[in-house]
Structures are given as structure tokens and as C-alpha cells.
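A short reminder: the numbers here are calculations on the coordinates, not readings from a lab. No experiment lies behind these values; they were computed from the predicted model shown. Ideal geometry is used to build each Cβ from the backbone, glycine not excepted, and the neighbour counts take in all protein chains shown.
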Amino acid sequence: MNALRLEPWSESALEVLRRQNTPEMTGHLGGPETEQAVVDRHQRYLSLSGGEMLIVRLGTVAIGSVGYWEREWRGQQVHETGYAILPEFGGHGYAAVALRLAAGRAAVRGTRRHLHAFPHVDHAVSNAVCRRAGFELVGEVSFEYPRAPGCRPTTGAST
């Protein structure tokens with residue numbers, strides 16, 4: 001079996017974002033984005049400071065993305081993480097492995113002591129990924145995502 005690995009975000013990763021921009025993959029994130037919003041997000045990822053976005057590869061095939069970035073949470077500066085594995089590669093544990101690899105990178109390269117994930121409380125698969133990756137539930141919180149009117153309940157998990 002091909003080994004799972006992470007590689008730095010690059011111009012080729014725009015195609016990964018486009019493939020992830022489906023109702024199935026973005027339902028818990030507010031739905032698909034416009035093409036311009038995807039391109040803008042890709043540009044932000046290319047120039048991200050205080051963290052990194054990474055392409056998840058299985059052998060030579062890009063199967064998703066994972067990353068971490070700085071944010072304020074409960075009055076502290078922390079790292080937040082996010083991940084997305086394409087549906088055709090789901091159910092094999094790749095998301096948890098990618099999340100563990102990204103957490104390791106954040107521990108070595110990051111500038112914050114804690115790494116948090118904020119999956120939607122109703123997203124059982126994403127919450128299970130966090131548990132398998134070694135995150136511990138620290139409680140339920142509400143915040144805006146995407147930053148628009150209305151809050152969504154999320155599960156705060158931390159490593």
C-alpha cells in the first residue's frame with residue numbers, strides 16, 4: 001500500500017480545493033463556495049503565516065488537505081486545524097493519520113502550545129476523526145463559520 005504523506009501547499013493544490021467544493025464535503029461548513037472564493041482561499045493558503053496548509057497524498061495521488069493556523073480562542077492564542085479527505089478515499093482512516101501528521105508538524109513548527117479542532121456537533125464522522133487522531137473533547141462552543149450572521153454549535157477538541 002502507498003504511504004500517506006503531507007506536502008506543502010502549492011499551485012497544484014487549487015484542483016484539490018475545487019474537488020472538495022461540493023455540497024457533500026461542505027455541508028457542515030456552510031455549503032460550496034463560488035469559484036472566486038475558492039481561488040481567493042487558495043491564495044490565502046499559499047501565503048499563510050503562523051501555520052501551514054498541506055496537501056494529503058496517498059502515493060502520488062492528492063486525496064485531500066489538512067492544515068493548522070493561528071486563532072484566538074477563550075482569550076488565548078492557539079492553533080486551529082482543519083482537514084478534508086475526498087469522499088472516494090473516505091473510510092480508510094486517512095483523515096486521522098493526516099491529522100496526526102499535521103499535529104506533529106504544528107508541534108515542531110508552530111508557535112502555539114495547543115492545537116484545536118472545531119467540527120460541527122452534528123458531524124459524527126469528523127468528531128470520530130478527532131478522537132482517532134488523539135484529540136480530547138473539551139466541550140461544545142458556538143461561533144460563526146463561515147463568518148456570517150448566525151452561530152453554529154461546534155465541538156471543541158484539543159491535543
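Given 25 °C and 0.890 mPa s, how large is the Stokes-Einstein diffusion coefficient of the stretch 4-158 in µm²/s, with Rh as the Kirkwood radius over Cα pairs? List each step's numbers first, then the result.
Working: Rh = 15.7 Å.
Stokes-Einstein gives a translational diffusion coefficient of 156 µm²/s.
Peptide packing: for 27-36, 113-122, 11-20, the average count of neighbouring Cβ atoms within 10 Å per residue gives the ranking 113-122, 11-20, 27-36, highest mean first.
Taking the Cα centre of the chain as origin, work out the dipole magnitude from +1 charges on Lys and Arg Cβ and -1 charges on Asp and Glu Cβ, in debye rounded to 20.
Values: 17 positive and 16 negative charges, 102 e Å.
So the magnitude is around 500 debye.
Extension gain, ARG71 to SER49: 0.36 nm times the residue separation minus the Cα-Cα distance gives 6.8 nm.
Apply 1/(1 + (r/R0)^6) to the Cβ-Cβ distance of GLU140 and THR26, taking R0 = 25 Å, and write down the FRET efficiency to the nearest 0.05. If you can, show how the numbers build up before the last one.
Numbers: r = 21 Å, r/R0 = 0.86.
The value I calculate is 0.70.
Using Cα-Cα distances under 8 Å and only pairs 6 or more residues apart, what relative contact order does the chain have, in percent? Computed over the chain, the figure is 19 percent.
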